[in-house]
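Worksheet: one structure, shown below.
The values are calculated or read from the model by the stated rules, or taken from the named source; none is laboratory data. Everything numeric here is computed off the predicted structure, so don't read it as measured data. Positions of Cβ are generated from backbone atoms using ideal geometry, with glycine treated the same way; all protein chains shown enter the neighbour counts.
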Amino acid sequence: MLSAVRDLAPVAQADLGRGVGLDPKDVVGILNDLQSAGLVERAPDPRDRRKNAVTLTDDGARLLVRCEKAAREANDELLAPLSAAERERFMELLARISGVSGVPGGTGGSAGSGGRGGSGDSAVQG
């Protein structure tokens, strides 16, 4: 969710939910928790004051960087036995079966991060 907020920000709460493929009620609960933890902010959308726009806080951005780093390290460890060509093929196959776009070689159809951690360059997402 944090990576989707970063990638789409400022994003209307409803658009965020559609972008990650979650039910609006679930998005509200997740955002409530993230906001309570000081990781995101919700404020009236300047383009449409009836909507809430969601953005990352500095703490949220720092946490996301740490999570992405941990995911890359876990990926490197997990995929260490594979050659570069095998890694690329593996990621292509993951993208194909998951339907996630944005993964190198991916052909899927999910918008944004698909609620899977965002960057799309990681089989293991934190």
Seminar exercise, completed: Listed by first then second residue, the pairs whose first member lies in region 12-35 and is on the phi > 0 side of the Ramachandran plot, whose partner is surrounded by 14 or more Cβ atoms within 10 Å (Cβ to Cβ), with beta carbons under 7 Å and at least 6 positions apart or on separate chains, are Gly21/Ser110; Gly21/Gly114; Gly21/Gly115
Exercise. Does Gly38 satisfy being of a type in the set (Gly, Ala, Ser) and assigned to a loop (DSSP other than H, G, I, E, B)?
Worked result: yes
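Give the residue, chosen from Asp26, Asp7, Asp33, that is assigned to a helix (DSSP H, G or I), of a type in the set (D, E, K, R), closer than 21 Å to Gly99 by Cα and modelled with pLDDT of 90 or more. Give the steps one after another, and end with the answer.
Values: Asp26 fails: closer than 21 Å to Gly99 by Cα; Asp33 fails: closer than 21 Å to Gly99 by Cα.
After ruling out the rest, the residue left standing is Asp7.
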Exercise. Are any residues in region 1-41 within 14 Å of Thr55 (Cα to Cα), surrounded by fewer than 21 Cβ atoms within 10 Å (Cβ to Cβ) and of a type in the set (Gly, Ala, Ser), and if so, which ones?
Worked result: Ala9, Ala12, Ala14, Ser36, Ala37, Gly38
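Does Asp45 satisfy the condition of being modelled with pLDDT of 95 or more and not basic (Lys, Arg)? Write out each step before concluding.
Values: modelled with pLDDT of 95 or more: no; not basic (Lys, Arg): yes.
Answer is no for this residue.
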Seminar exercise, completed: Within region 48-62, of all residues that are over 16 Å from the mean Cα position of the chain (by Cα) and part of a strand (DSSP E or B), the one modelled with the highest pLDDT is Ala53
For this session: List every residue pair whose Cβ atoms lie under 8 Å apart, where the two residues are 6 or more positions apart in sequence or sit on different chains, the first residue falls within region 57-76 and is of a type in the set (Ser, Thr, Tyr), and the second residue, located anywhere, is modelled with pLDDT of 95 or more.
Result: Thr57/Gly38; Thr57/Leu39; Thr57/Val40; Thr57/Glu41
